[in-house]
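These notes concern the structure reproduced below.
The values are calculated or read from the model by the stated rules, or taken from the named source; none is laboratory data. The structure displayed is predicted, hence computed values, not measured ones. Here the Cβ positions follow ideal geometry from the backbone for every residue, glycine too, while neighbour counts run over all protein chains shown. Just the protein is used for accessible areas: all its heavy atoms, side chains included, with ligands, DNA and RNA removed. Shrake-Rupley method; radii C 1.70, N 1.55, O 1.52, S 1.80 Å.
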Amino acid sequence: MPAKSIMIQGTASDVGKSMICTALCRIFSDDGLKVVPFKSQNMALNSFVTADGGEIGRAQGVQAEAARVVATTDMNPILLKPKQDMVSEVIVHGKHFLNMDAKSYRNQFVQQAMPIVEKSVRTLQNTYDVIVLEGAGSPAEINLKDRDIANMRMAHLADAAVVLVADIDRGGVFASIIGTLALLDEAERARVKGLIINKFRGMRELLDDGIEWVERETGIPVLGVVPYVDVNIEAEDSLALSALRFKKPKPGEFSVDVAMIRLPRISNFTDIDPFFDEPEVGVRLIGNVAELGTPDLLILPGTKSTMDDLAWLKAQGFDQAIKNLRARGTKIIGICGGFQMLGETLLDPDAVEGNGDSAQGLGLLPMETVFVGHKKTVQMSGTRANETLTGYEIHLGRTKILREEVSPFLHLADGREDGAVSADEQVIGTYFHGLFHNRNFTRQLVNDMRQSKGLALLPTDVKSDAERREDAYNMLASHVRANIDMEKIYEMLKIEVRG
């Protein structure tokens, strides 16, 4: 029997679709069902590398883990990664397909994508009990609906019961529900079987009159009101990155100051998430030199366009400011594109990154990077100081060390060496995404900075990242289960669960 399908759509972007999907994946798994996440087309700054080296949206990787299944590219067959203004890298089944502007994608590629998407859906239907589909943005974008392959077209294809999620925290929740439903056609409205009001703060009973009214007006039940919760689960889009600015610490508020430059084309910014868990550590996102100050640690993150973002750094005056920090003793870590920028020379002979120009890097490590057309995407592990670290690579450049004044950062399990470390260990470059999610490494890094400032060391018995993620999935699932009517969801899916 084909899998039953439930689809979480939203009245807008960032209403909490991914979180609800993640919670449902864990709930269905807890209830003994074989469940799988799916998103036909995802646009994301952060991605996840599958075990076979495919690149998918980070949310689907997270949801697969919550569902207790191994992530595959069928869970997100098409991934769009913003590269330049109105241009994205199109990734099909985990591999680079081409770079395409928005107009060409909409006019030329969308119809070509449907057979790819349908094949993935059918594969999942024949393998699992339940598919949890995630929509994108809103299903009611009337200027895009005829080419939208992420919302109602997917619901029809998978014969999914749709649950519409609205964010009350941003205001206008009832108007957003009614307006969204009004812009759907009759067949689309018929698929909407339930409503969820998300991110609620306040007294639940104050919503009763509004809920009764919206149920009467629409004939669709409100399945629950989910209180706002700050759960430690990785995000994937730029709206989440913007939200991090609200966590900006005040000067002197924390003992250890970690700063990350917010590059215009930043990617995989979840690399810094573990620092938010570290006691007495403040994390700042820096958009201009005036905000830089003198952090204890400066992170140059990954980017979708190293050459363009390097040019931006220089135009902003960051190049000299970073060199000044190096002289003052700030530890500097570059990851992926940030690692490439730390070198002396960047070459783009095949115009992979742009128009084929070369550029001078920051000159903090003796390296040369050449950009090549084949993207490397792989899960990886390596050792440093007898500690095994796990992470993943996503990059186009190939980097070589020019002089032996630096040492490798990691010795990889496949026999390669990764990255470079300056003789005084103040500058580190690596292709290793997920580095700081190795919590023992991060705690030692924080303790090294604390020791240099004469501060007491923190305990070294820290929970692993896997344990933290499991705690987060279980907490989120309990929170959502307590606030939505799972019995009604099982009824709409025609699934009997033995308690």
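What the table below lists for this structure:
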| quantity | calculated |
| --- | --- |
| Hey, ILE261 in contact with a helix residue (DSSP H, G or I) (Cβ under 9 Å, 6 or more places away or on another chain), surrounded by 13 or more Cβ atoms within 10 Å (Cβ to Cβ) and modelled with pLDDT of 95 or more or not | yes |
| Selected residue [among the aliphatic types (A, V, I, L, M) and within 26 Å of SER267 (Cα to Cα)] from LEU98, LEU124 | LEU98 |
| Answer residue from the stretch 292-307, given it is hydroxyl-bearing (Ser, Thr, Tyr) and touching a Leu at 6+ places or on another chain (Cβ under 8 Å) and is surrounded by the fewest Cβ atoms within 10 Å (Cβ to Cβ) among those | THR294 |
| Pairs, first on the phi < 0 side of the Ramachandran plot in the stretch 451-468, second among the hydrophobic types (A, V, I, L, M, F, W, C) and at pLDDT 95 or above, C-beta under 7 Å, six or more apart | GLN451/LEU457; LEU458/VAL446 |
| So PRO349, is it in contact (Cβ under 8 Å) with a residue 12 or more places away in the chain, over 27 Å from the mean Cα position of the chain (by Cα) and open to solvent by 40 Å² or more (accessible area, probe 1.4 Å) | yes |
| All positions within the stretch 321-339 that are assigned to a helix (DSSP H, G or I), of a type outside the set (D, E, K, R) and over 27 Å from GLY356 (Cβ atoms) | ALA321, ASN324, LEU325, ALA327 |
| Members of the stretch 31-68 found to be more than 16 Å from ILE233 (Cβ to Cβ), touching a Ser or Thr at 6+ places or on another chain (Cβ under 9 Å) and small (Gly, Ala, Ser), listed by number | SER40, ALA51, GLY53, GLY54 |
| Top-ranked residue of the stretch 382-440 - restricted to ones that are open to solvent by 50 Å² or more (accessible area, probe 1.4 Å) and of a type in the set (Lys, Arg), ranked as nearest to LEU298 (Cα to Cα) | ARG384 |
| Condition met for PHE38 (under 17 Å from GLY224 (Cβ atoms) and buried (at least 24 other Cβ atoms within 10 Å of the Cβ)) | no |
| Only one of ARG170, ARG147, ARG191 that is modelled with pLDDT of 95 or more and either closer than 28 Å to LYS103 by Cα or out of contact with any Phe, Trp or Tyr (no Cβ under 8 Å at 6 or more places or on another chain) (or both) | ARG191 |
| Any hit, the stretch 368-388, residues being within 24 Å of the chain's Cα centre (by Cα) and within 13 Å of PHE409 (Cβ to Cβ) | yes |
| The stretch 423-476, residues that are in contact with a His (Cβ under 7 Å, 6 or more places away or on another chain) and assigned to a loop (DSSP other than H, G, I, E, B) | TYR431 |
| Flag if PHE436 is aromatic (Phe, Trp, Tyr) and farther than 29 Å from PHE276 by Cβ | no |
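So that you can scan it fast, the table gives a plain yes or no per residue for (1) assigned to a loop (DSSP other than H, G, I, E, B); (2) surrounded by fewer than 21 Cβ atoms within 10 Å (Cβ to Cβ); (3) among the hydrophobic types (A, V, I, L, M, F, W, C):
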| residue | (1), (2), (3) |
| --- | --- |
| GLY61 | no, no, no |
| GLU65 | no, no, no |
| VAL70 | yes, yes, yes |
| ASP74 | no, no, no |
| SER88 | no, yes, no |
| PHE97 | no, yes, yes |
| MET100 | no, yes, yes |
